Structures are given as C-alpha cells and as structure tokens.
C-alpha cells in the first residue's frame, strides 16, 4: 500500500474510536473547518505552485517557489480580517471559540505551504518525501485526536489535533527541502518579475480551481447554514466513508485509463474502444459496491460507529447512488484532456458549480437533511450522466 493510500485510510480506520469519543457536532465542526481550509488553501498561492514544474532551470523554479510562499503568506494575512469579523458576528459559530477561527488563516497558509513544497518535491522526483509527509500528517492527527478524546482535556480536540498534524507535516517537508528554495530575503524585483511571468496561473487557473473547490464543499457549507451541527456531523461521516472507496478505486482505474488513451495519439475510434472496455469494469464494480453500501450501511454504521450514528448509515445508503454514478464517470473524464476538449470540460464544471449552489440554497430552506441528500443523489445522476453524454459526443 502506497503512502498516499495509507494517509487516506488512517482517518477512516480511526473513525470507530472517534465517534465514541466525540459528539456529532464536534465532527461537524471539524468538517466545516477542514472544508474552509481546502477551498481557500488550494488558491492561497495563486496556483503558482503548479508553475514550479515548468522551467528547466532549478534557479527559476526556486524563484517561483519563493514567489508562491510569499503570496501564500500575504493571502493568509488578508484573510485574517474577514474570518475575524465572521466570528465576531457569529456567522460561523465554530465551536463558539474565537481562538480556533483566528487560527484558520494560519492553517490555510500551512495548507498552501505544503502544496508548494509538494510540487517542488515532485519536480525533484522525491516522491517518497511527498507520501511520507502525508502519512506524518494523517498519523499524528489521528493519534492526537484519540489522545485528546480520551483525556477529555480539550473541547476542540479534533481541530487542535488537525492543526498540530498539519503543522508537523508542513514543517517536515519544508525542512527536508530547505536547501531547494529560500523565501526569506528574496528581492522585490525578482518577486515582481516572476509574478508577471506566470500570472496566467493566478488569473486563469486559480478562478476555475476555486470554483471546483467550492462545488465539492458546497454541501458542507450549506448544511452548516441550514441545519444543526449534529446533522452536519452525521452527513460528514457518511460522506467521508463513501468518498474514500470512490477515490481509491477511481484513481487507480483513472491512472491506467489515462496512460492507455494518451498513447493513442488522439485517435477517437481507439479511445472509444478503450472507453467501452473500461466502462464495463467500472459498471460492474459500481453495481456491487453500490448495492453493498445501500443495503448494509444502516446496520454497519450503527454497529461499527455506535447506535447514535444510525442516521449517518441512512444517509450513506442514499449516497450509494452518488457512489455508483461517480465511480463510473470520474475515471473516464480524462477523455477531455486526451482529446483537448478543455472548453467543454470547463462548461460542464461551470454548470456543476451553478446547479449545486442553487440546489443547496433552495434545499436547506424546504427539505429535511435526508431529502436534501436525496436531491444531491439525483443531481449527481443528472450532472455526471451529462458528463458521460458529452464524452460520447466528443468520441463520435
């Protein structure tokens, strides 16, 4: 098992312990905290971290690294004010703790800093460093969450442990690459020149990335706004456990599929043949997995996580529909890349963003949490079905 897979599996494996140590509301607050970090953290450096892979010169890559770190630092400082104002006026209600919300910009910076170092490590082909850093974060966070839960010393033990684990992994990967780039002492002229040279990442890539991130985490934000913290906790546990197998299985198949179709040099007939072969396996896996989730989730959640988490099992059962369609479509969406149909992909992503926000905005006002999850499942069938239809049209 790779380090990345271990890092993804650890939070799930420790969940049966955490659900007995913490309340649904505490897990819901953690989900909100992490969602904000993931949305803001992906664009806090203006996506300049992606440019680290581009230049042949290591010196130029170091300039980009430094620029990205400074942008992340400045962006985090700018975000401090709206976050502080939000907490003062109780717009988030994050555990009722001002201190934790004040630390959000710090956590967002650490998220960005880790990503910047991650791309630098990939450039230098230090893949083991990348996976080991993720394992450090995952393991340290899980162990501290359990320790804080048993000790009952901190009401916000889940978030505090997450912050410590995030800090440990960011410091580790940064220290290991300390000789590759130095953000301190960079001249302003070099910073300004590098910023202008790669500005398309900030002005073109960053907005689309932000839109995608909001689309993914919109349900968390809207459920927090429209329902109780407990209901958000029930939803977040179900979502996390349904997402893991979708990501692990989907990524494994997607990597193989992308390798095969990129070697076909854009031949649509051959890509279509490969698509059908892959879809047969995906449909079979999705049917077996989807039926298992649908029928077994209510019983397994109540048994494994505790009787009070039965609602999570019911929500997971509904989410089996989303598991089914996403597992089929996501791995083959690389057809857009192989055929250079990026405008159609962007149009689909924009539609996804607008519709998920609209459904969430209306849903929290007129639907129960169970009915909202049904609406999300129906939306997934429509939007991912549309994505598959576009792929077929491209390969006609």
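The values are calculated or read from the model by the stated rules, or taken from the named source; none is laboratory data. Since we're looking at a predicted model, the values are computed, not measured. Cβ atoms come from the backbone with ideal geometry, glycine included; neighbour counts cover every protein chain shown.
Of note:
- From 19, 4, 67, residue being assigned to a helix (DSSP H, G or I), in contact with a helix residue (DSSP H, G or I) (Cβ under 6 Å, 6 or more places away or on another chain) and modelled with pLDDT under 90: 4
- Number of the condition not met by residue 84 [criteria: (1) at pLDDT 80 or above; (2) in a helix (DSSP H, G or I); (3) more than 22 Å from the chain's Cα centre (by Cα)]: (1)
- Filter result (surrounded by fewer than 20 Cβ atoms within 10 Å (Cβ to Cβ) and either touching a residue at least 60 places away in the same chain (Cβ under 8 Å) or over 20 Å from residue 330 (Cα atoms) (or both)) within the stretch 222-245: 225, 226, 227, 228, 230, 240, 244, 245
- Residue 290, sole failed condition from (1) in the same structural domain as residue 362 (by TED's automatic domain parsing); (2) part of a helix (DSSP H, G or I); (3) in contact (Cβ under 8 Å) with a residue 40 or more places away in the chain: (3)
- Scan of the stretch 382-396 for residues that are touching a helix residue (DSSP H, G or I) at 6+ places or on another chain (Cβ under 9 Å), under 21 Å from residue 334 (Cβ atoms) and in a helix (DSSP H, G or I), ordered by number: 383, 384, 385, 386, 387, 388, 390, 391, 392, 393, 394
- Residue list for the stretch 122-155, restricted to those being more than 15 Å from residue 3 (Cα to Cα) and buried (at least 19 other Cβ atoms within 10 Å of the Cβ): 141, 142, 144, 145, 148, 149
- Residues that are in a helix (DSSP H, G or I) and either over 21 Å from residue 106 (Cβ atoms) or without any contact (Cβ under 8 Å) to a residue 40 or more places away in the chain (or both) within the stretch 33-64 comprise 50, 51, 52, 53, 58, 59, 60, 61, 62, 63, 64, listed in sequence order.
- Within the stretch 113-134, tally of residues that are farther than 17 Å from residue 37 by Cβ and at pLDDT 95 or above: 0
- Counted residues, the stretch 143-173 - those being over 21 Å from residue 41 (Cα atoms) and in contact (Cβ under 8 Å) with a residue 60 or more places away in the chain: 7
- Within the stretch 246-276, considering residues that are in contact (Cβ under 8 Å) with a residue 40 or more places away in the chain and not in a helix (DSSP H, G or I), the one surrounded by the fewest Cβ atoms within 10 Å (Cβ to Cβ): 266
- Scanning the stretch 195-249 for residues that are over 25 Å from residue 158 (Cβ atoms) and out of contact with any helix residue (DSSP H, G or I) (no Cβ under 8 Å at 6 or more places or on another chain) yields 196, 197, 199, 200, 203, 204, 206, 207, 209.
- Flag if residue 329 is touching a helix residue (DSSP H, G or I) at 6+ places or on another chain (Cβ under 7 Å), surrounded by fewer than 20 Cβ atoms within 10 Å (Cβ to Cβ), part of a helix (DSSP H, G or I) and assigned by TED's automatic domain parsing to the domain that holds residue 274: no
- Test: residue in the stretch 168-178 that is in the same structural domain as residue 52 (by TED's automatic domain parsing), over 30 Å from residue 28 (Cα atoms) and surrounded by 16 or more Cβ atoms within 10 Å (Cβ to Cβ): yes
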